[in-house]
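Comments concern the structure below.
Every number here is computed from the coordinates shown, using simple stated rules; none is lab data. Worth saying up front: this structure is predicted, and the values here are computed from it rather than measured. Glycine also receives a Cβ, built like all others from the backbone with ideal geometry; neighbour counts cover every protein chain displayed.
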Amino acid sequence: MLSYNFGLKHTDISVVMPLNRLEPLFVALINAVVLGKALTYTIAAGILLVTLGSYFVLLDNRDHLFEPFYRLKTEKGPQFAVLSALIFALSLYRLKTHPQSSRYFRSRSLSLF
């Protein structure tokens, strides 16, 4: 959450949000590489759509197709937005591999209902 706020501090929300929504990409990559889970066609198509959607939202000038990548390389705000998405994916991996550590949060969320 801190990296997300830091990204918002350094750049506009219209840049941070599409990059922060790359969470499914990182979750699927971690699941495939670390846990050995296979990507289905549906998941791969969803990841492709989310990634392309984020790319086209960030594309300001149609003449410079690599502009979003250049901004990601040079500006702090987009870098922290991607870091936020990666941290979120790693936290989901931790919850999946160590469910006993999330018992407190599950009992708190169930008590709300």
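Things to note:
Each row is one residue, and each column tells you yes or no for (1) more than 14 Å from the chain's Cα centre (by Cα); (2) over 12 Å from Ala89 (Cα atoms); (3) surrounded by fewer than 18 Cβ atoms within 10 Å (Cβ to Cβ); (4) free of Cβ contacts under 8 Å to residues at least 40 places away in the same chain.
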site: Lys9; (1), (2), (3), (4): yes, yes, yes, no
site: Pro24; (1), (2), (3), (4): no, no, yes, yes
site: Ala28; (1), (2), (3), (4): no, no, no, yes
site: Ala38; (1), (2), (3), (4): yes, yes, yes, yes
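- Residues of the stretch 58-88 that are charged (D, E, K, R) and free of Cβ contacts under 8 Å to residues at least 24 places away in the same chain: Asp60, Arg62, Asp63, Glu67, Lys73.
- Residue count for the stretch 54-68, restricted to those that are closer than 14 Å to Leu22 by Cβ and surrounded by 13 or more Cβ atoms within 10 Å (Cβ to Cβ): 5
- Screening Ile47, Ile13 for residues that are within 23 Å of Lys73 (Cβ to Cβ), without any contact (Cβ under 8 Å) to a residue 60 or more places away in the chain and crowded, with 17+ Cβ neighbours inside 10 Å leaves exactly one candidate, Ile47.
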